[in-house]
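The values are calculated or read from the model by the stated rules, or taken from the named source; none is laboratory data. Keep in mind that what you see is a predicted model, and the values were worked out from it rather than measured. Because the Cβ atoms are built from the backbone with ideal geometry, glycine has one as well, and the counts that use them run over all protein chains shown.
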Amino acid sequence: MLTLLDHVPDGLLDCTAQKLHRILPGPTLIQLPGRRPWPLFVSVLLHGNETTGLSAIQSVLRKYQQQELPRELCIFIGNVSAAQQGQRHLHGQPDYNRVWPCLGFGDDCTGNTPEHRMMRQIVDLLRKRNVFASIDVHNNTGLNPHYSCINQLDARFFHLATQFSRTVVYFIRPKGVQSMALSDICPAVTVECGKPGQPHGTAHAADFIHSCLQLSDLPTHPIAAHDMDLFHTVATVSVPEHINIRFGDDGNGKIRTNEIQFLPELDRLNFHELAAGITLGFVAPQLTSIPLQVIDEQGQDASRRFFRLHNGELQTACEVMPSMFTLNTEVIRQDCLGYLMERMNR
């Protein structure tokens with residue numbers, strides 16, 4: 001599946017994500033020379049509707065059209081076919097950020113699809129190239145600040161992540177993500193740049209990539225406590241297929257059978273520390289058990305730990321902080337409603 005290039009193809013720097021298929025035949029790894037060896041790896045468009053990464057890498061490459069890159073640069077442009085349709089991934093495709101090898105994080109994300117094999121090929125190639133650091137650029141659909149995600153509690157990872165944001169999230173689920181695969185061989189970070197199409201998201205990601213290209217190394221000394229707010233993702237929240245989803249009241253004051261009626265602005269709770277007893281929505285009367293699937297880090301059901309039903313209301317059962325809660329039902333069905341975090345004491 002993978003196309004390998006050693007140059008920036010004509011037209012790439014001015015092409016929209018929807019028209020990339022006219023320039024690239026599919027997933028493409030572009031390997032560019034630079035003054036320093038050991039390349040910086042940047043992946044974009046692992047989700048075809050998250051376009052900030054492409055815009056950011058185009059901005060960076062325009063700066064260096066007439067001069068040498070400070071460091072070798074490897075760019076992976078992922079789901080070109082989904083980008084053409086403006087979709088996270090196409091029907092029948094796996095999620096491009098769930099098929100990377102887990103390496104030291106367990107073997108439950110192994111697979112033998114062409115996409116799994118392609119990601120293993122990329123990781124093997126980068127291991128041989130002695131990759132310096134890895135950046136995976138993403139957007140999200142809810143209201144969230146810009147923040148970094150890491151999979152290793154290591155000083156180099158902290159220093160890399162805080163180059164982008166003082167808000168850092170540590171997680172080990174979901175499996176099969178790019179940063180998890182690369183963190184076995186170099187400091188790796190995922191950067192969440194808000195909603196796609198926002199110029200400040202593109203500028204922030206481009207500045208971060210540019211600054212990482214300038215780095216000679218990553219410090220190994222501990223990071224100052226006042227330089228980072230560290231959070232820990234402790235659970236993934238999904239809505240089972242048989243449960244209907246609605247945001248806000250449709251005007252008739254009734255909740256349909258097998259339905260959760262979430263608050264109309266649920267995503268405004270993201271990155272706010274919630275006390276126990278906060279109402280997130282209302283449930284149909286016949287639903288007597290929590291109508292959410294909540295999976296903790298160990299892969300166990302944790303719905304009763306985090307949520308409760310009280311007089312038809314879906315409430316928090318303990319102090320917790322949501323992240324990436326979305327109002328997009330397509331994203332909820334393809335992936336999840338969002339995640340739950342706790343502040344982490346280093």
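Numbers below:
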{"quantity": "Neighbours by Cβ (under 6 Å, 6+ apart or cross-chain): first from the stretch 197-222, modelled with pLDDT under 95; second crowded, with 23+ Cβ neighbours inside 10 Å", "calculated": "none"}
{"quantity": "Subset of the stretch 69-82 [closer than 27 Å to Phe132 by Cβ and out of contact with any Lys or Arg (no Cβ under 6 Å at 6 or more places or on another chain)]", "calculated": "Leu69, Glu72, Leu73, Cys74, Ile75, Phe76, Ile77, Gly78, Asn79, Val80"}
{"quantity": "Criterion violated by Thr141 - all others in (1) out of contact with any Gly (no Cβ under 9 Å at 6 or more places or on another chain); (2) at pLDDT 95 or above satisfied", "calculated": "(2)"}
{"quantity": "Residue check for Leu69: modelled with pLDDT of 95 or more, closer than 20 Å to Leu24 by Cα and of a type outside the set (Asp, Glu)", "calculated": "no"}
{"quantity": "Filter result (at pLDDT 95 or above and touching a helix residue (DSSP H, G or I) at 6+ places or on another chain (Cβ under 9 Å)) within the stretch 177-191", "calculated": "Gln178, Met180, Ala181, Leu182, Ser183, Ile185, Cys186, Pro187, Ala188, Val189, Thr190, Val191"}
{"quantity": "Selection from the stretch 2-13 of residues that are in contact with a strand residue (DSSP E or B) (Cβ under 8 Å, 6 or more places away or on another chain) and either in contact (Cβ under 8 Å) with a residue 40 or more places away in the chain or of a type in the set (Lys, Arg) (or both)", "calculated": "Leu2, Val8"}
{"quantity": "Unique match (being surrounded by 14 or more Cβ atoms within 10 Å (Cβ to Cβ), over 19 Å from the mean Cα position of the chain (by Cα) and among the small types (Gly, Ala, Ser)) among Ser303, Ser289", "calculated": "Ser303"}
{"quantity": "Matching strands (runs of 3 or more DSSP E) fully within the stretch 189-302 where at least 2 residues are more than 20 Å from Gln334 (Cβ to Cβ) and in contact with a Gly (Cβ under 8 Å, 6 or more places away or on another chain)", "calculated": "279-283"}
{"quantity": "Conditions (1) at pLDDT 95 or above; (2) within 27 Å of Ile295 (Cβ to Cβ); (3) surrounded by fewer than 22 Cβ atoms within 10 Å (Cβ to Cβ); number of the one not met by Gly111", "calculated": "(1)"}
{"quantity": "Residues located in the stretch 41-59, provided they are crowded, with 21+ Cβ neighbours inside 10 Å and either small (Gly, Ala, Ser) or more than 19 Å from the chain's Cα centre (by Cα) (or both)", "calculated": "Ser43, Gly48, Gly53, Ser55, Ala56"}
{"quantity": "Condition broken by Cys149, with the remaining ones in (1) in contact with a strand residue (DSSP E or B) (Cβ under 7 Å, 6 or more places away or on another chain); (2) over 26 Å from Asn345 (Cβ atoms) satisfied", "calculated": "(2)"}
{"quantity": "Of all residues making up the stretch 1-22, the number that are surrounded by 15 or more Cβ atoms within 10 Å (Cβ to Cβ) and either touching a Phe, Trp or Tyr at 6+ places or on another chain (Cβ under 9 Å) or part of a loop (DSSP other than H, G, I, E, B) (or both)", "calculated": "3"}
{"quantity": "Single residue of Arg71, Arg117 found to be out of contact with any Pro (no Cβ under 9 Å at 6 or more places or on another chain), basic (Lys, Arg) and farther than 30 Å from Met344 by Cα", "calculated": "Arg117"}
{"quantity": "Hits in the stretch 218-252 - residues which are exposed (fewer than 12 other Cβ atoms within 10 Å of the Cβ) and either touching a Lys or Arg at 6+ places or on another chain (Cβ under 6 Å) or closer than 27 Å to Gln163 by Cα (or both)", "calculated": "Thr220, His221, Pro222, Ala224, Ala225, His226, Asp227"}
{"quantity": "Matching residues in the stretch 14-53 - criterion: being without any contact (Cβ under 8 Å) to a residue 60 or more places away in the chain and either over 19 Å from Arg71 (Cα atoms) or of a type in the set (Asp, Glu) (or both)", "calculated": "Asp14, Cys15, Thr16, Arg22, Ile23, Leu24, Pro25, Gly26, Thr28, Leu45, Gly48"}
{"quantity": "Unique residue being among the basic types (Lys, Arg), surrounded by fewer than 19 Cβ atoms within 10 Å (Cβ to Cβ) and either under 24 Å from Cys186 (Cα atoms) or touching a strand residue (DSSP E or B) at 6+ places or on another chain (Cβ under 7 Å) (or both) when the list is Arg36, Arg62", "calculated": "Arg36"}
